[in-house]
Amino acid sequence: MTEITLRAVHDGDLPLFFAWMSDPDATRVAAFTPQDPADRTAFDAHWARIRAASSTVVMRTVVADGTVVGHVGEYGEPGDRQVTYWIDRAHWGRGLATAALRAYLDESPTRPLHARAAADNLGSRRVLEKCGFVVTGADRGFAAARGEEIDEVLTTLHG
Ligand SMILES: CC(C)(COP(=O)(O)OP(=O)(O)OC[C@H]1O[C@@H](n2cnc3c(N)ncnc32)[C@H](O)[C@@H]1OP(=O)(O)O)[C@@H](O)C(=O)NCCC(=O)NCCS
């Protein structure tokens, strides 16, 4: 069985994160991405900002059997905290997002905790469902990776 651990984000993780988060096949799935996911300068500025905001933004690196495979974390205002996660496409379909989110929920006391997903991101919706999130609403939002407005589902994990 794969052993999943979460740890602080190291500088050396960032080139991996950038490669995964600028992979067009993955950004298409995630849909809600920066305007230009291939812009390394914007990526570095974003990660510098969120790592400096450690009192409000939590980001954890996901390690599976010793290999860095993703990240998971949360951000947002009190009462409207959102969870976020990303797994390297090379490792999709191994149950890693589900295991990583479960591990994260074990260490984060935030409840309720919310998550948004593109309505057609069925993998992410299933991960949320398996971790106890329930659908609480729907929205429309501009998905930069699709270049259009798309349907979103809003989900919540209650206490
Ligand atoms: C969404 C994502 C995190 C899933 O990661 P993963 O490690 O492959 O997920 P898991 O293996 O833990 O579980 C995926 C579940 O969804 C199901 N699934 C995956 N793709 C699916 C699809 N296209 N249709 C239906 N079900 C799907 C799997 O069968 C599995 O469910 P099961 O255990 O009941 O069989 C990954 O695709 C990713 O990182 N995408 C890019 C970033 C992203 O979308 N983040 C979430 C933003 S809301």
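The values are calculated or read from the model by the stated rules, or taken from the named source; none is laboratory data. Owing to the predicted nature of the structure, the values given are computational and were not obtained by experimental measurement. When we count neighbours, we look across all protein chains shown, and the Cβ atoms used for this are built from the backbone with ideal geometry, even at glycine. Surface accessibility is based on the protein's heavy atoms, side chains included, excluding ligands, DNA and RNA. Shrake-Rupley method; radii C 1.70, N 1.55, O 1.52, S 1.80 Å.
Quick query: amide H of ALA144 versus all other amide H atoms, modeled in the peptide plane; which residues come in under 5 Å with a sequence gap of 5 or more or a different chain?
Residues meeting the criterion, in which the H sits 1.01 Å from N, are THR33.
Can you divide the C-alpha Rg of the chain by 2.2 N^0.38 Å and report the result to two decimal places?
The chain yields a ratio of 0.98.
What percent of all Cα-Cα pairs in the range 1-95 falls into each 10 Å bin, going from 0 up to the bin containing the maximum distance?
Percent of pairs per bin, in order: 14, 48, 34, 4.
Taking the solvent-accessible surface of protein heavy atoms with a 1.4 Å probe, what is the per residue accessible area of the chain in Å²?
With all protein chains present, the chain gives 53 Å² per residue.
For the pair TRP92/ARG51, report the inter-label distance in nm, with labels modelled 7 Å from Cα in the Cβ direction.
Placing both labels 7 Å along Cα→Cβ, they lie 2.7 nm apart.
On the full set of protein chains, 1.4 Å probe, figure out the accessible area of ARG7 and give it in Å² to the nearest 10.
Looks like 60 Å² after rounding.
222 nm [θ] for the chain, helices only, -39500 (n - 2.57) per DSSP H run of 4+, per residue, to 500?
So the calculated ellipticity at 222 nm is -9000 deg cm²/dmol.
Which residue, chosen from ALA26, THR41, ALA145, occupies the Cα position most advanced towards the positive end of the dipole of the chain, where the dipole is computed from +1 (Lys, Arg) and -1 (Asp, Glu) charges on Cβ about the Cα centre?
ALA26
For the range 64-104, take N as its residue count and report Rg(C-alpha) divided by 2.2 N^0.38 Å.
This ratio for the range 64-104 stands at 1.29.
Based on C-alpha coordinates, I'd like the Rg and Dmax of the range 54-145, in Å.
13.2, 38
Carbon and sulfur: what percent of the chain's accessible surface (1.4 Å probe)?
Carbon plus sulfur share of accessible area: 53 percent.
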